[in-house]
Amino acid sequence: MDLERPKRTNAPMKPKEIKGEKMELIVFTNNGQTYHFFEVTDFKPTTTGFSFTYTGKATGVTRKAVFNNTCTAGYALA
């Protein structure tokens, strides 16, 4: 039986646009800070970084945020 293996690559994966689903997002900055966002929706990768909508835990206010790749070391979606 000839099974085809997926090709391996070192190219970074492009995150898909995620709409409607509420998630948590942790952003790691180049200067060592960590930001934790709750109730994240509408996560979108952009040409210069990523954007998303979140609801503030303390205020309950929904806001839109944009991060630039030059100041971001990475992020985790859960």
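The values are calculated or read from the model by the stated rules, or taken from the named source; none is laboratory data. For clarity, every value in this text was computed on a predicted model and none was experimentally measured. Glycine also receives a Cβ, built like all others from the backbone with ideal geometry; neighbour counts cover every protein chain displayed.
Details
- Positions within the stretch 51-78 being surrounded by 13 or more Cβ atoms within 10 Å (Cβ to Cβ), under 14 Å from E24 (Cα atoms) and modelled with pLDDT of 90 or more, in sequence order: S51, F52, T53, Y54, T55, A65, Y75
- Among the residues making up the stretch 19-50, those that are farther than 17 Å from T70 by Cβ, of a type in the set (V, I, T) and surrounded by 15 or more Cβ atoms within 10 Å (Cβ to Cβ) are V40, T41.
- The condition of being among the charged types (D, E, K, R), at pLDDT below 90 and out of contact with any Leu (no Cβ under 6 Å at 6 or more places or on another chain) holds for K19.
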